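Contents: one structure, followed by commentary.
Bear in mind these aren't lab numbers, they're just calculated from the coordinates by the rules spelled out. None of the values given here were measured: they were computed from a predicted structure. Don't worry about glycine lacking a Cβ; one is built from the backbone with ideal geometry, like all the others, and counts go over all protein chains shown.
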Amino acid sequence: MTKENHLRWLDAFILATYALQIIMICFFPVPSAGSTVEMLFKVRKDKNLSIDHPAKLVIRSMPKLMAMILATLFVTATSLLPLLSILFPQLINYLFPLMKSQPDTLLILTALLLTIGNALTIIGVRTLRIHVTFQEFGETTKLHTTGIYRYIRNPITVGLGIIYAGFFLSLPCAVMLFGFILFGINSDYRVRLEEVYLQRTFGEVYYRYKNRVGKYFPKY
């Protein structure tokens, strides 16, 4: 392995993405009632919280909870594969690659997706941390509908999805493709859990917001 192969220009975008996501998770976390951590370490230990928690049906059903945890673990593991492929380039040979080599246009598209995904997640996280506070079990106490949330209701989820799409293009293989599909299914399920709380808490205000603003894409 040559130094040039190990330090492709695209690797800088990939490494920067990991660094930014780690910084946000560690220093600028945004609680969520659909979070596995919230379910396992807060709600399950406090029965008073679980009564009103939007994910109570998942918490009370061991098969559903295990399915969500396993899906999350698989998605997390596959999202780390691009990093491992930088350290161990031969890894792609064991992941059922979908193409032998990547054209320059695909590499440019990958960098563009990572840039857009990072920007969306940072804007979404920063907006919530500035404008809202959160319940003990992770959900917002205020329905924020301005800024980026004026155009899409879940910019952080969209941003993470775009990042994962960029990771898939950086390492186009069957394992990453399956992880990307599972990410979409798992994330959408968690978003629907949060919407239960939002609908119940904010009622008609959220209903109008939901009809006006797209879940993942802007409405025109």
| request: Return, ordered by residue number, the residues of segment 179-215 whose backbone nitrogen is under 17 Å from a label point located 7 Å along Cα→Cβ of THR146. | output: 209
| field | Centroid-to-centroid separation of segment 118-151 and segment 155-199 [C-alpha atoms, Å] | value | 18
